[in-house]
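Right, one structure below, let's go through it.
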Amino acid sequence: MSLDSITLEAMRKELLDKFKEGKIVSLIQTKKYKIIIEVKPVKFLTSSFYIHISLDPSLPEIYFTELENRQQTISSPFLTLLQNQLKGGKILDIEHPSFDRILHFIIRPYQKFGKVQNKILVVEFMGKHGNMILLKEDKTIETAIKLIDFNISRYREIMPGKLYIAPPSQNKIDPLNIKREDFFNIFNSLSAENKDLTLRKLMQNNFTGLSPQSAKEVVLQANLSPEKKVSEASESDLEMLRTSFNKIITNIKNHNFQPPLFLDPLSKKIKAWSIIDSIQFPKYHRQTFNDANSCLEFLFSELEKEREVLSMQNKIDQIIKKNILKINNRIDDCQKKLEEVKNCEKYKISGELIKTNLSGIKRGDREIIAINYYSTGQEDITIPLNDKLTPLENARLYFKKYRKTKDSFQIISEQLKSHQLKLARLTELQKLYKQEINSLPHLLKIYNNLTKLGWAKKAAAPLKKAKKETNRLRPVKYISKDGWEIYLGKNNLQNDFLTFKLASGNDTWLHAKNIQGSHIIIKNKGDKQSLPLDTLIQAANLAAYFSKAKKDNKVLVDYTLKKYVKKPKNAKPGMVIYSHEKGLWIKVDPEEVRRMEKVSQK
C-alpha cells in the first residue's frame, strides 16, 4: 500500500498532537529526496524526536522516532536554505488540504528582529511527481527539492519567486465531506460506458486520496467482490457499499485506527500494511499497532533493513562471482604455462639439433627436418626457424627459451598455489555467506572479511563521481612571463586542496591581506633558482584581482613560503593562519590577468 490520504490524515493528527509549538532543532538530508527534521516538543523539552519525510517514488515515508539518524548525511542547496529559514522555528500547524496527498507544515521561523512571517513547508506525496517546497506566507516559492521550470511544465512552474500552484485537481470528491445522496448519485449518473467499471475502480476514480488497496477494502467490507461491475450492482449492494464506506470515513474522522502489518508466516517479512482495518490478507500473520506512527515507524525501519540486506547481498554476490571468475582464469593461465614449462626440454633439443646441422642450414630457411638423436626412436622432427636470423642465432634463441622457461617453473608453481589458496578462501566465504543470507550483521561480517582479503573496498566511489570531484578541486594554472607555474584556487575547497595538498613547503604562497579571496601558489623551481620579481608581481596581481578588494585602487597582498601557512583546528575550508609574511601593494591590472589566461590556454 502507498501513502494515501487516509495515512496522511492519520499522521497529520499524530504529528500535530506531538509537535504543535515544538521547536525545530536541526534539519538533515540522508538521501536525494529524504529530509529528517529534529524537533523538541513542548512536552519533552529535554529530548528530541526525528520526523522522517521521504519522497522516493519507490518508498515514500512519513513517520517520527526518538532514535537518532545513523545513516550517512549529504548536503544540498535545498537543505542549506531549509536550515537557514527553519532552524529554531516552531511548528504552528499541519494542514491536509482537500484530503489530497499533500501536507502543509506551517512554521514560525526564529527571528530576533523585525516582523515575523510564517513559512509553509509543502510536502507532496505524488509518486514520481512528489516534491517538497518551501513557501513564504504569501505562497511565493522560496525553494524546492525539485525545481521545475517552464521548459518542463508550462502549467506548474516550481521556481523561486513564482506563486505556488497546487497539483492539478482531478475533479474528485473529498470523501470526508460527502452526503448520502451525493454518494448514490455517483452510481446513478454514470454514463453507459462507465457502467462497465468495477466497484473498486469506481471508488478509486471518484474519491480523492483513495489508494487501490483502500478502495478494494471498502468494497470487501461491504461483502461484495471488488471486481463486480457497477452495472451488476443492485440497490442493496450499493446500500451495503455506502455503509462500509461510511464506517471507514467515521473512523478516519474520529482518528480511530489500529493499523495492521501483514507478515509472511515463514519468512516473517512484511507483505502488506494498512492504516484502516483490513480483511484482504487472510493468509498472512497479522501484527496490530495502537496508532499510525507506531505502525509506520516499524514498517519503514524494517523495509530499510531489507533494503540494506538486499544491497549488501548484491555487493557480496558481485564481488564473489567476479573474483572467482578472475582467479579461475589465473589458475587456467598458470596451468597452461606449467604445461609449457614441462616441455622446456624440447627447446634445448631443438637448439642442439640446429647446432649439429649448422652446415645444412642457410639464412632465410623457415624450418629444418632433422633426426632426433635424443629420442630412442630417432625419428625425424621439424624445427621452425626465424628466417631473419642466422642458424647460430636460431640455436641461441632456443637455448634462451629453454633457460627462461625452466627458471619460471618455480615462480609459476608458487603463483598457482597462491591462486588455489585464494580460491579456497573465497569458496569458503561463499559457503558462509549462504548460511545466513538475510542477516545484515552476518553479511557485514562477510563483507569485512572480503575487504581484509583485498577483494572489496570500503568506500568505492563511482568513476564518474570521482572524476567530477577531482575536477571540482583542480585549481587554475597560469604561466608567468618568466615561465614559472602559478596556481589559483577559485573557491574554499580549491584553496584548501591547493595549499595543503598540491603545494610544497618552499613554494611561495600569496593572499590579499585581511580580505576574502583566492589562495595563490608559485611553484618553486628548485636548483637554487630565486623567484623573479616580475613573476611575484604577476601572482600578486592575481591575488588582488580574485579577491573582494579587486575594485579598490590598490590592494595589499601578503606573501610567504607555504611552510609558514597553517590550518587552525576545526577551521572551515579556506581558512588559514600564516607567519613570516611580507607585503606588496598592487594596483589591479585586469588586462594582465587576461594576457596570462591566454598564455596558459596555449
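The values are calculated or read from the model by the stated rules, or taken from the named source; none is laboratory data. Every value quoted in this text rests on a predicted model; they were computed, and no experiment measured them. Cβ coordinates were reconstructed from backbone atoms using ideal geometry, including for glycine residues, and neighbour counts include every protein chain displayed.
Inside the stretch 278-298, residues that are in a loop (DSSP other than H, G, I, E, B) and basic (Lys, Arg) make up a count of 1.
So that you can scan it fast, the table gives a plain yes or no per residue for (1) touching a residue at least 40 places away in the same chain (Cβ under 8 Å); (2) outside the structural domain of Glu367 (by TED's automatic domain parsing):
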position: Asp317; (1), (2): no, yes
position: Asn328; (1), (2): yes, no
position: Ile331; (1), (2): yes, no
position: Lys336; (1), (2): no, no
position: Glu345; (1), (2): yes, no
position: Lys348; (1), (2): yes, no
position: Leu353; (1), (2): no, no
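Among the candidates Asn131, Asn171, Asn84, Asn151, the residue that is among the polar types (S, T, N, Q) and over 33 Å from the mean Cα position of the chain (by Cα) is uniquely Asn171.
Take the conditions (1) without any contact (Cβ under 8 Å) to a residue 24 or more places away in the chain; (2) buried (at least 16 other Cβ atoms within 10 Å of the Cβ); Ile537 misses just one of them, which is (1).
Residue by residue through the stretch 366-375, note down the ones that are free of Cβ contacts under 8 Å to residues at least 24 places away in the same chain and not hydrophobic (A, V, I, L, M, F, W, C). Even if it seems obvious, please write down each step before you answer.
Applying the first criterion (free of Cβ contacts under 8 Å to residues at least 24 places away in the same chain) to the stretch 366-375 yields 366-373, 375.
Result: Arg366, Glu367, Asn372, Tyr373, Ser375.
Here's a check for you: in the stretch 1-58, which residue that is among the acidic types (Asp, Glu) and over 30 Å from the mean Cα position of the chain (by Cα) is farthest from Ile270 (Cα to Cα)? Looking at residues that are among the acidic types (Asp, Glu) and over 30 Å from the mean Cα position of the chain (by Cα), I get Glu21. Looking across the stretch 370-429 at every residue that is under 30 Å from Ile331 (Cα atoms), of a type in the set (Gly, Ala, Ser) and touching a helix residue (DSSP H, G or I) at 6+ places or on another chain (Cβ under 8 Å), the one that is modelled with the lowest pLDDT is identified as Ser408. Residues in the stretch 140-184 that are surrounded by 13 or more Cβ atoms within 10 Å (Cβ to Cβ), over 30 Å from Leu86 (Cβ atoms) and not aromatic (Phe, Trp, Tyr): Lys172, Ile173, Pro175, Ile178.
Right, Ser278: hydroxyl-bearing (Ser, Thr, Tyr), surrounded by 17 or more Cβ atoms within 10 Å (Cβ to Cβ) and not assigned by TED's automatic domain parsing to the domain that holds Lys434 or not?
On the way: hydroxyl-bearing (Ser, Thr, Tyr): yes; surrounded by 17 or more Cβ atoms within 10 Å (Cβ to Cβ): yes; not assigned by TED's automatic domain parsing to the domain that holds Lys434: yes.
So Ser278 fits the description; yes.
None of Ser375, Ser350 is out of contact with any His (no Cβ under 7 Å at 6 or more places or on another chain), of a type in the set (Ser, Thr, Tyr) and part of a helix (DSSP H, G or I) except Ser350. The residues in the stretch 250-261 that are surrounded by fewer than 19 Cβ atoms within 10 Å (Cβ to Cβ) and closer than 16 Å to Ser274 by Cα can be counted, and the count is 4.
Identify all residues within the stretch 190-220 that are part of a helix (DSSP H, G or I) and β-branched (Val, Ile, Thr); write none if there are none. Result: Val218, Val219.
Yes/no per residue for (1) buried (at least 20 other Cβ atoms within 10 Å of the Cβ); (2) touching a helix residue (DSSP H, G or I) at 6+ places or on another chain (Cβ under 9 Å); (3) aromatic (Phe, Trp, Tyr):
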site	(1), (2), (3)
Ser191	no, no, no
Leu199	yes, yes, no
Leu202	yes, yes, no
Val218	yes, yes, no
Val230	no, yes, no
Ser236	no, no, no
Arg242	no, yes, no
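Every condition in (1) modelled with pLDDT under 90; (2) more than 20 Å from Glu597 (Cα to Cα) is met by Lys566 except one, and the failing one is (1). Return the residue satisfying two criteria in turn: it lies in the stretch 248-277 and is in contact with a helix residue (DSSP H, G or I) (Cβ under 9 Å, 6 or more places away or on another chain) and in a helix (DSSP H, G or I), and of such residues it is nearest to Ser301 (Cα to Cα). If we take residues in the stretch 248-277 being in contact with a helix residue (DSSP H, G or I) (Cβ under 9 Å, 6 or more places away or on another chain) and in a helix (DSSP H, G or I), then Ile252 is nearest to Ser301 (Cα to Cα). Restricting attention to the stretch 552-573, does a residue exist that is in a loop (DSSP other than H, G, I, E, B), closer than 18 Å to Leu502 by Cα and not charged (D, E, K, R)? Yes; the residues of the stretch 552-573 include at least one that is in a loop (DSSP other than H, G, I, E, B), closer than 18 Å to Leu502 by Cα and not charged (D, E, K, R).
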